[in-house]
Each structure stands twice: as C-alpha cells, then as structure tokens.
Amino acid sequence: MSRITKPSVAVRLRGGLPPSPRHPATVQTIGGRRWPYTYLEHCLSTCGDPFTLYPLDMPPMVFLSDPQDIREVLTGDASDLHPGAGGRVIEPLIGDRSFMLLEEDDHAWGRKAITPAFHRRMVAEQTATLTDLAEEAIASWPTGKPIALHPRIRALTMNVILRIIFSDKLGSQLAVLQKRLSKMLAITDSLLLQSPRLRHVPGWSWTWRRFLTERAEV
C-alpha cells in the first residue's frame, strides 16, 4: 500500500483559494473586526480548514489552523509564499524597509540578522527582566473587581520590549517613548490601517493626521 500524503500549502493554494463563507465583503470585514473569534469559528465550521475571507480594501486572507500547514508557512520557500505582501497593512507602523515586508533574499537576510537575539542563551538572560517587570505591573492592578486586561497587557508587553532593547540607555526618556508609542499604536483600534480610503473621510482624516503627528514624535 502506498501512503497518501497531504499536498503542501503552496501546491494547494496554486490551484485556487480555499472556500469562503457566502457573505458579502462588507459582512466579512465587519464580522472579522467586531466578532473575530466567533466569526472565524463560524467560518471554520461552515467552510472547513483552510478558508478564505475577502475584506474590503485588502487582498484575500487565507486562514489556517492545521499545525502542519502553519509550520510549512513559517518555514516555506519565500518564492512560493511571499511574507511581505501579507504584512503591508502594518507598513505605516513599521516602515517600508522592515524585514517583515521584504521578499525572498532580502527577507531571508533580515530573519538571519535578528536570529541571534532569539538564541536560547539570550532568552534565558532576559527571563529575569521579564519576570520582574511582569510582577511589578501585576502588583499594581486593582483586585476585587473586573478590569480590562487588554490595555494592561499591551502596556506590559511594550515595557518589556523597550527595556530589553534599550536597557538603561534612554534613562528617563524610556517612559516618554513608551507613552508616545502607546498613543501612536491607538490607531490599531480603528479601521484606518486596513482601509486606506477612510483616511480621507471627514472625521476619520483627523484621526489619521493625529497618528502621523504621533508617529513623527516617536
């Protein structure tokens, strides 16, 4: 008997995109934005794995949940699966020369350049810093009542990243940078990254101009 193997992600996607729910692009956009977990679970149950969504102002998005598929995407040939194209939505946040947006050899060079920072020894050395910052932050959270965790987790994550990158080099300016970054990243709570056309709509345009100012300050 011959063993039947699952075709690779790249091969399957070349044959056409996976199925999509029978909802117009507007509904897919709103559903994915307002009820991300519920809506994606609905799509998975109705379309199977993988499935495709067609958000407004964005390329089609293929969602994978099989660990084998996810591993293949992360380790796949950059000439088959282009990592930069899928990340263009965050270009205003990270710049057009970030390795995450580069393709093929340039992307591979960028990944290789940052690999030493994720070496097991480096991660072990950073564990104490991460633990101290987490314990300090959590100790300041109120108890005995419900609290919004997302802003606190985001602030803690940013604090850890900045401390690891800059150590004590910025001194008192580290808190200033963290505050300005938090204001800048508030743009992710809107649809302006995903939908560039909204940046010119009255009301939304003011939010976008404020983001550009805050980014320049950072």
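The values are calculated or read from the model by the stated rules, or taken from the named source; none is laboratory data. Owing to the predicted nature of the structure, the values given are computational and were not obtained by experimental measurement. Ideal geometry is used to build each Cβ from the backbone, glycine not excepted, and the neighbour counts take in all protein chains shown. Just so you know, the surface numbers come from the protein's heavy atoms only, side chains and all, with ligands and any DNA or RNA stripped out. Shrake-Rupley method; radii C 1.70, N 1.55, O 1.52, S 1.80 Å.
Things worth noting here:
- On inspection, A78 passes the criterion of being at pLDDT below 85, within 30 Å of A113 (Cβ to Cβ) and outside any helix (DSSP H, G or I).
- Looking across segment 13-53 at every residue that is assigned to a helix (DSSP H, G or I) and basic (K, R), the one that is modelled with the lowest pLDDT is identified as R14.
- Just one residue in the set A148, A128, A137 is over 21 Å from E217 (Cα atoms), of a type in the set (G, A, S) and at pLDDT below 85; that residue is A128.
- Residue satisfying condition, being part of a helix (DSSP H, G or I) and free of Cβ contacts under 8 Å to residues at least 24 places away in the same chain, within set R163, R152: R152
- Scanning segment 184-210 for residues that are within 18 Å of the chain's Cα centre (by Cα) and of a type in the set (A, V, I, L, M, F, W, C) turns up M184, L185, A186, I187, L191, L192, L193.
- In segment 85-140, the residues that are open to solvent by 70 Å² or more (accessible area, probe 1.4 Å), among the acidic types (D, E), over 20 Å from R154 (Cβ atoms) and part of a helix (DSSP H, G or I): E104, D105, D106, E125
- For segment 158-176, a residue qualifies if it is within 21 Å of the chain's Cα centre (by Cα) and open to solvent by less than 70 Å² (accessible area, probe 1.4 Å), and the qualifying residues are M158, N159, V160, L162, I164.
- The residue of segment 181-210 that is modelled with the highest pLDDT, among those that are charged (D, E, K, R) and either exposed (fewer than 14 other Cβ atoms within 10 Å of the Cβ) or not in a helix (DSSP H, G or I) (or both), is R209.
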